[in-house]
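One structure below.
The values are calculated or read from the model by the stated rules, or taken from the named source; none is laboratory data. A quick note: this is a predicted structure, and the numbers were derived from the prediction, not measured. Backbone-built Cβ (ideal geometry, glycine too); neighbour counts: all protein chains shown. Just so you know, the surface numbers come from the protein's heavy atoms only, side chains and all, with ligands and any DNA or RNA stripped out. Shrake-Rupley method; radii C 1.70, N 1.55, O 1.52, S 1.80 Å.
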Amino acid sequence: MKFFATALGLAAVLVPQVAAHYRWTSLIVNSTTTAAYQYVKPNTNINSPVTVVTSNDMTCNAGASPAPGIAWAKAGSVIGFALDTPIFHPGPINVYMAKVPSGQTAATFGGTGKVWFKVAQLGAITDGGSTIKWPADNLSSFTFTIPSKLVSGDYLVRIEHIALHTASAYGEAQFYISCGQLHVFGAGTSSPPSTSLVAIPGVYTGNEPGLLINIWWPIPTTYIQAAIALRADTLIMSEDPTAIAGDSLANFRQRVKGTVCRPGDPDYNLSKWAPNSTKPSKVIVTPAVTEDIAEAIKFARVEGLPLAVRGGGHSSSTASATDGLLIDMRNMTRIRIDEAVKVAYIEAGARTHDVEVATIKHGLGACVGACSQVSIGGYVLSGGVGYSTGIYGLAADNLVAATVVLATGEVIQANESENPDLLWGLRGGGSNFGVVSEVVVKLHPQRPDCYAIAYFYVPDQLSAVVESIQQWLTVRKPQEAVQLRLSLDKDGKPTVIVTGVSNSTKEEGEAAFNRFQDIGPVKAINVQIPWQEASNLANAANELPGNKLCVGAHIDVFDYEQVQKTFNALMQLVKKAPFSLVIYEFYYLEQVASVSLEAAAFGQRDNFVNVICGVFWTDETFSSRARDECLKLKKVVSGSSSTKAQESLGYVNTADIYSTMNETDEYAKKIFGSNYARLQQVKQKYDPDLVFDRWFAIRPATKNTQES
């Protein structure tokens, strides 16, 4: 009876052969199945198998030709192949990769020689002779993890399903093969040992027990996967591919003057302004000197650990978080003022308030932000607007030099005479090129005090408030800045708040802002304060509890109708996320717009108003909806503005939702606009392996790759 049943099963399996076979047509990257043959080499074999194991067709199938593109994936990420028809023949799956030699591309490389190493397989399940099962049966796709320590570069990735339904005779095993074109990036520096490399053809003789086998009767008691074994030493293919050897970590600690912490250590600190934006880092390095950063980068690359840098921790994105190695800049805060030249040498971990305190002692000021807790490094490198913007422009436009630690661990200077292309890229290109340990910025004459206001209104006064802001916008001066905040007050009541700073005398400030007092606020604060206290005005928002997610909305139409719609939408949102808010930022941006787009990497010189949409919540069940709610609010805010404004990601430093969506470079292209191609050239020169990929990651320009 068992034989009869097996024969019936065999007949059932053989019937579909006359109808169709199956093909691996698409790569799966970032959980997305790409278009058929976009990144997979097409062949002339249609859906027929290869059966001659010594044939060159075994490499990438018969007549394999270049695919039009090359996919990008990070070492340690999950990729795979999809089929046009589910697998219906019994048999195993093997996946190999081969690094493309220098001077060739994934499109042109034929995969010849001992270059292939196995990265994944799917075999059989046996139970001693009663049954044999094939997990590949009916699969329409197969995914696997790229080795986490794999060195960056172009690769061919080859998949085969070996159909064994007629394999009881030599040469009857059927190979369904495809090769994908892949660029691997990341911090890894490892290549597979030569002992694990094979040639295809050459890996099979056809006589292996896994190829020459009758799977029907007698039922095999075991199944031995054909070809080279999937070796643990190929590229640390262990259960924890980022495990760190104790002696390696101990040696690293001895080389660092700062601190090196692992989970459980007393100084291990993941805290950020937004708790939801942290990740459980395997190692946190808090450097004391620039050389510590270099050691941290080299250690991370040897260990295959992803890298991230945390400055002030004032972000709602995970761009400054990682489950690998985190470089925490909080102890690198030294500031040196050169009063004669009017520049400041500022370590990247110093915060806005620290800088203002240091510079005002000399009657000078730097272009810093309106939030005391933001670190100077991230603020300057990505753009930087604040109370000085109207007079002196972007912080990035005031950057004159930087000390940068590259992905190799090399420490270099970027200024007008040394690496000027890198300086250009740092002026708005953020953390894309290396870890900046120190910035040198221009200083400007700064009066010792400024005029500040905070006026509180009830919702019924919103129309009058908007009208007053519209009037002020027609006469405002470069030294004046206003913010309109919509939120709940500390008692949970809806409120409208106007805050403002005039970098001027009290009399000039009153002349600018008295129109807001004339509305009749329910509470009014207007006072002359020391200049260094201006950044502390937003501290109340820094202390809001719970999780936080922010996105910017650009507007070029500011009218009561749309602001009222925004207020109504916000009042619905605060029922679920009670600390949420909307802040309209009215900075004088003519100085920013006057700089040509090509002058620096910063790609947002339109005279738009930025609006911060902040979703703040404490109920963890809301977390899965926070992103959608944030984007919904953004859409309402910009609803009456131009198409260009509505499609903008908002000001780059508040575009947290998009900053880590780096599966493709779609959002990097939007942020950097027409400067993107030049930035790709800078990336290729200073970070060709895309080690720094946490924030609007720029794809390197390279002759060996095409844009995906």
Conditions (1) open to solvent by 10 Å² or more (accessible area, probe 1.4 Å); (2) over 27 Å from Ile391 (Cβ atoms); (3) in a helix (DSSP H, G or I); (4) touching a residue at least 40 places away in the same chain (Cβ under 8 Å); number of the one not met by Ser640: (3)
Pro700, sole failed condition from (1) touching a strand residue (DSSP E or B) at 6+ places or on another chain (Cβ under 9 Å); (2) surrounded by fewer than 22 Cβ atoms within 10 Å (Cβ to Cβ): (2)
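Residues Tyr170, Tyr96: which one is surrounded by 15 or more Cβ atoms within 10 Å (Cβ to Cβ) and closer than 19 Å to Thr54 by Cα? Please lay out each step first, then the result.
Working: Tyr170 fails: surrounded by 15 or more Cβ atoms within 10 Å (Cβ to Cβ).
Only one candidate passes the filter, namely Tyr96.
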Let me spell it out: the conditions are (1) closer than 30 Å to Thr222 by Cβ; (2) surrounded by fewer than 17 Cβ atoms within 10 Å (Cβ to Cβ); (3) not hydroxyl-bearing (Ser, Thr, Tyr), and Met58 meets all of them except one. Which number is the exception? (2)
For region 490-530, enumerate the residues that are exposed (fewer than 14 other Cβ atoms within 10 Å of the Cβ) and of a type in the set (Lys, Arg). Lys490, Lys493, Lys523
Residues satisfying the stated conditions in region 18-38, i.e. open to solvent by less than 20 Å² (accessible area, probe 1.4 Å) and assigned to a loop (DSSP other than H, G, I, E, B): Tyr22
Going residue by residue through region 167-189, is there one that turns out to be in a helix (DSSP H, G or I) and within 35 Å of the chain's Cα centre (by Cα)? no
Can you name the number of the only condition in (1) of a type in the set (S, T, N, Q); (2) modelled with pLDDT of 95 or more; (3) farther than 21 Å from Lys635 by Cβ that Asn607 fails? (2)
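Quick one: count up the residues across region 244-290 that are part of a loop (DSSP other than H, G, I, E, B) and closer than 21 Å to Ala407 by Cα.
9
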Qualifying positions in region 307-319 - open to solvent by 10 Å² or more (accessible area, probe 1.4 Å), part of a loop (DSSP other than H, G, I, E, B) and in contact with a strand residue (DSSP E or B) (Cβ under 7 Å, 6 or more places away or on another chain): Gly311, Gly312
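Might you check whether a residue that is assigned to a helix (DSSP H, G or I), open to solvent by 40 Å² or more (accessible area, probe 1.4 Å) and among the charged types (D, E, K, R) occurs anywhere in region 541-560?
Taking region 541-560 and keeping what is assigned to a helix (DSSP H, G or I), we get 541-542, 560.
Pick out the ones that are also open to solvent by 40 Å² or more (accessible area, probe 1.4 Å) and you get 560.
When the remaining residues are screened for being among the charged types (D, E, K, R), the result is none.
Looking for residues that are assigned to a helix (DSSP H, G or I), open to solvent by 40 Å² or more (accessible area, probe 1.4 Å) and among the charged types (D, E, K, R), one finds none in region 541-560, hence no.
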Determine which single condition Leu394 fails, assuming it passes every other condition in (1) modelled with pLDDT of 95 or more; (2) open to solvent by 10 Å² or more (accessible area, probe 1.4 Å). (2)
For region 126-147: of the residues being among the β-branched types (Val, Ile, Thr) and under 12 Å from Ile219 (Cβ atoms), which is least open to solvent (accessible area, probe 1.4 Å)? Ile132
When region 125-149 is examined, which residues are found to be free of Cβ contacts under 8 Å to residues at least 60 places away in the same chain and among the charged types (D, E, K, R)? Asp127, Lys133, Asp137
What is the number of the single condition among (1) under 20 Å from Val435 (Cα atoms); (2) more than 28 Å from the chain's Cα centre (by Cα) that His362 does not meet? (1)
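Anything in region 577-598 that is over 14 Å from Leu549 (Cα atoms) and either among the basic types (Lys, Arg) or open to solvent by less than 50 Å² (accessible area, probe 1.4 Å) (or both)? List them, or say none.
Narrowing region 577-598 to residues over 14 Å from Leu549 (Cα atoms): 584-598.
Passing the criteria: Tyr584, Glu585, Phe586, Tyr587, Leu589, Val592, Ala593, Val595.
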Give the number of residues within region 599-628 that are open to solvent by 40 Å² or more (accessible area, probe 1.4 Å), in a helix (DSSP H, G or I) and of a type outside the set (Gly, Ala, Ser). 5
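Residue-by-condition table, conditions (1) open to solvent by 50 Å² or more (accessible area, probe 1.4 Å); (2) closer than 17 Å to Arg427 by Cβ; (3) without any contact (Cβ under 8 Å) to a residue 24 or more places away in the chain:
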residue	(1), (2), (3)
Asp338	no, no, yes
Ala344	no, yes, no
Glu347	no, no, no
Thr352	no, no, no
Ala358	no, no, yes
Leu364	no, no, no
Gly378	no, yes, no
Leu381	no, yes, no
Residues to consider are Ala187, Ala199; find the one that is under 30 Å from Gly69 (Cα atoms), among the aliphatic types (A, V, I, L, M), surrounded by 15 or more Cβ atoms within 10 Å (Cβ to Cβ) and in contact with a helix residue (DSSP H, G or I) (Cβ under 7 Å, 6 or more places away or on another chain). Ala187
Considering only residues of region 652-680 that are open to solvent by 20 Å² or more (accessible area, probe 1.4 Å) and assigned to a loop (DSSP other than H, G, I, E, B), which is farthest from Pro306 (Cα to Cα)? Thr664
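If you check Val115, Val119, which single one turns out to be over 22 Å from Asn43 (Cα atoms), in contact (Cβ under 8 Å) with a residue 60 or more places away in the chain and either among the polar types (S, T, N, Q) or assigned to a strand (DSSP E or B) (or both)?
Of the residues listed, the single one that is over 22 Å from Asn43 (Cα atoms), in contact (Cβ under 8 Å) with a residue 60 or more places away in the chain and either among the polar types (S, T, N, Q) or assigned to a strand (DSSP E or B) (or both) is Val119.
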Considering only residues that are modelled with pLDDT of 95 or more and of a type in the set (Asp, Glu), look in region 317-340 and name the one that is nearest to Lys548 (Cα to Cα). Asp328
